[in-house]
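The values are calculated or read from the model by the stated rules, or taken from the named source; none is laboratory data. All of these numbers come straight from a predicted model, not from anything done at the bench. Heads up, the Cβs are rebuilt from the backbone with ideal geometry, glycines too, and the neighbour counts pull from every protein chain shown. All accessible areas refer to the heavy atoms of the entire protein, side chains included, with ligands and DNA or RNA removed. Shrake-Rupley method; radii C 1.70, N 1.55, O 1.52, S 1.80 Å.
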Amino acid sequence: MKQLAVISGKGGTGKTTITAALAALAGNVVIADCDVDAPNLALLVRSNLRESYDYSGSKISVIDKDKCVQCDTCVEFCRFQAIIRYEVDPLACEGCGVCYHVCPAGAVMRTDDQSGNWYVSDTSYGPMVHARLQPGRGNSGKLVAVVRERARVIAEDNYSLVIIDGPPGIGCPVISTITGITGALVVTEPTLSGIHDLKRILEVCRHFAVPARVCINKCDLSETNTKEIMKWLAANEVAATVGIPQDKDVIDATVHGVPIVEWSSGDAVHAVRRLWKQLQEWLENLSGGS
Amino acid sequence: MILSVASGKGGTGKTTVGAGLALVLAQRMGIRFIDADVEEPDAHILLQPQITGTSAVTVPVPEIDKSRCTGCGRCADICAFGAITQGLKDVWLLPALCHGCGGCSILCPEQAIGEVYRTVGHVDRGYAVNIEFAHGRLNPGEAQVTPVIKTVKQEICGTMSAIIDSPPGTSCAMVEAIRGSDMCLLVTEPTPLGINDLALAWEVTAQLGIKMQVVINRCDLSDQAELYCEQRQVPVIARLPYDQQLATAYARGASPLINRFWQHKFELLAQAVWGDRV
């Protein structure tokens with residue numbers, strides 16, 4: 001069983017669009033949407049919700065005003081400025097529990113913080129595990145780990161591939177997305193910002209020993225930058241896949257909430273089909289991820 | 001005025017909008033620009049600041065004095081993040097998981113735990129014409145983003161207006177970036193993905209009590225965002241059309257003020273946000 005994560009570093013390069021297209025081409029896969037902050041895959045992949053679970057990432061502190069003697073000990077020791085006028089701000093609370101331990105009046109309680117939900121849905125291409133962290137909350141990395149683990153369990157013995165839609169950035173939810181996968185497809189764009197961010201996400205992949213290949217989306221936006229990316233990749237021994245050209249059909253498909261491979265058969269779709277073949281061969285030759 | 005620019009969905013044009021505003025304001029007043037997208041900071045590409053200084057962002061991690069440690073494991077019990085594990089006779093640290101709460105150090109009965117500092121990123125400071133610039137850079141491989149965001153936001157001081165470029169998403173990093181701002185521009189695109197994430201980002205600004213205005217970027221691709229905002233009475237402060245020339249300029253890292261049309265668009269936006277102060 002192999003696990004392929006689609007990541008980017010820079011936001012908006014086309015991860016979700018490409019993940020949906022790959023899932024449609026693969027058929028019979030397990031899909032995982034690990035962008036738990038702002039999950040979008042279900043908008044492109046028709047799904048029926050099957051199971052729903054509460055997620056509690058950490059405990060959160062709550063002050064009992066009847067017991068509180070307003071001694072300010074909790075404020076003194078809280079390093080996250082989360083206690084204001086003897087009330088805990090749930091968006092600032094780190095969940096460390098120091099206030100609970102230091103309070104001389106026993107006025108602080110720690111409760112499970114239900115900060116999100118995760119789901120299993122059925123799609124035309126296979127089961128999908130996805131989640132939604134409540135806006136503003138932390139511990140997204142842990143929720144990603146929950147999604148990853150359920151996807152792995154569903155896939156084990158029944159499916160040969162898990163396709164993972166990753167979040168943007170390089171922080172903890174991305175790290176949680178890529179740990180233990182077979183390989184990462186890094187989607188970039190030929191802009192100076194895209195190049196800058198590509199180098200950082202590849203450094204993260206290297207740090208965690210995750211094999212990576214790079215797909216340049218909208219490759220005809222700038223021939224100069226595409227050439228520069230290819231040159232840099234060659235010098236750093238990272239392989240590129242086929243590039244995907246700009247194509248109005250992609251925008252139309254996205255606006256209509258349909259995977260691009262089911263909308264048209266233009267230049268971009270043609271390239272994505274070639275991309276899928278390349279990825280299949282690549283994954284076959286890689287170990288790890290099961 | 002402290003203005004943050006966020007989105008929910010990545011790639012909608014946050015940095016372009018923030019940088020365009022900064023450049024148009026800088027034509028008549030001093031402005032501070034804080035790039036708080038510390039995982040992938042890009043605004044320096046468009047603003048071209050001269051960097052004049054760098055400082056490390058450090059976080060405290062525990063250091064155990066083995067001569068005093070009795071291996072009681074109280075620290076491991078207290079730690080909410082799994083950064084300390086109890087062994088047979090001692091305790092092990094996993095610094096990457098530490099959130100720097102200080103609990104272990106404060107509560108160790110033998111006072112055997114001190115703290116040392118570990119570098120997780122950097123803040124670079126600099127300037128472009130009339131723009132005081134700072135961005136945070138998380139070290140690739142580090143998980144914790146918020147300490148770097150908090151540190152770069154400390155550059156906001158005095159009476160100078162500031163624009164904060166937020167990271168994408170709606171979780172704690174975005175919260176940390178926009179917290180304390182007077183107004184937040186949410187940049188969206190008229191696709192189901194853009195609108196879905198706009199709704200989530202709106203929830204965060206509302207929870208933080210920050211006044212919010214929407215910028216619909218690539219507004220001519222569809223009317224979905226316009227209809228959404230109308231139905232939910234979400235205030236729209238600007239509508240920016242798709243422009244292949246602007247996309248190409250962005251690709252080569254050029255300022256978004258590529259012609260009179262875009263100069264005027266950003267002037268109108270600056271006036272809408274800053275009013276008579278501009």
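The simple spin-label model puts a point 7 Å past each Cα toward its Cβ; for residue A:52 and residue B:70 those points are separated by 5.1 nm. Can you tell me the orientation of helix A:15-26 relative to chain A, as the angle in degrees between its alpha-carbon axis and the longest Cα principal axis, to the nearest 10? Helix A:15-26 sits at roughly 60 degrees to that axis.
So what is the relative contact order for the stretch A:43-149, in percent, with contacts set as C-alpha pairs under 8 Å and at least six apart? It would help to have the intermediate numbers written out before the result.
Working: 187 pairs, mean separation 38.2, N = 107.
With pairs under 8 Å counted, the relative contact order is 36 percent.
Taking GluC sites (Glu not before Pro) in DSSP loop conformation with at most 13 other Cβ atoms inside 10 Å as exposed sites, chain A has its longest uninterrupted site-free stretch at A:1-155.
With contacts taken as Cα pairs under 8 Å at a separation of at least 6 residues, chain A carries a relative contact order of 27 percent. 3J(HN,Hα) along the stretch B:159-165: 9, 5, 5, 9, 10, 10, 8 Hz, from the Karplus curve 6.51 cos²θ - 1.76 cosθ + 1.60 with θ = phi - 60°, whole Hz, x for Gly and Pro. Averaging Cα coordinates gives a centre for the stretch A:108-186 and one for the stretch B:207-270; these two points are 32 Å apart. Separation of the stretch B:114-160 and the stretch A:257-290, taken as the distance between their Cα centroids, equals 39 angstrom.
Scanning chain A for trypsin sites (Lys or Arg not before Pro) in DSSP loops with at most 13 neighbouring Cβ atoms within 10 Å leaves A:86-290 as the longest stretch between them.
Where the centre of each part is set by its Cα atoms, how far does the stretch B:161-201 sit from the stretch B:48-86, in angstrom? Cα centroid to Cα centroid, the span is 31 Å.
Specify the longest stretch of chain B that does not include any exposed loop site, a site being one of the trypsin sites (Lys or Arg not before Pro) with a non-H, G, I, E, B DSSP assignment and at most 16 other Cβ atoms within 10 Å. In chain B, the maximal stretch lacking such sites is B:90-231. Listed cross-link partners A:65/A:142; A:15/A:248; A:15/B:9 are compared with a 20 Å cut-off, the Cα-Cα value being larger for A:65/A:142. With the helix formula -39500 (n - 2.57) applied to DSSP H stretches of n ≥ 4, the protein assembly as shown reaches a computed 222 nm mean residue ellipticity of -10000 deg cm²/dmol.
FRET efficiency for the pair residue B:1 and residue B:119, taken as 1/(1 + (r/R0)^6) with r the Cβ-Cβ distance and R0 = 25 Å, rounds to 0.15. As a fraction of the 1.4 Å probe accessible area of the protein assembly as shown, surface on carbon and sulfur atoms comes out at 49 percent.
Per-residue shielding of B:138-151, expressed as the average number of other chain Cβ atoms within 10 Å of the residue Cβ, stands at 5. A simple charge model with +1 on the Cβ of Lys and Arg, -1 on the Cβ of Asp and Glu and nothing else charged puts the dipole of chain A at about 340 debye relative to its Cα centre.
Note on the protein assembly as shown: antiparallel DSSP beta bridges, both residues inside, total approximately 50 percent of the bridges counted. Neighbouring Cβ atoms from other chains, within 10 Å of the Cβ of residues in A:136-144, number 5 on average.
Report, as an integer, the average count of C-beta atoms from other chains found within 10 Å of each Cβ along A:163-175.
6
Normalised by the number of residues in the stretch B:1-131, the average gap of Cα pairs under 8 Å and 6 or more apart makes the relative contact order 32 percent. The residues neighbouring residue A:250, those whose beta-carbon lies less than 10 Å from its own, together hold a net charge of -2 under the Lys/Arg +1, Asp/Glu -1 convention.
The length gained by stretching the chain between residue A:157 and residue A:70 to full extension, at 0.36 nm per residue less their Cα-Cα distance, is 25.6 nm. Using Cβ point charges alone (K and R +1, D and E -1), the dipole size of the stretch A:95-157 about the Cα centre works out to roughly 240 debye.
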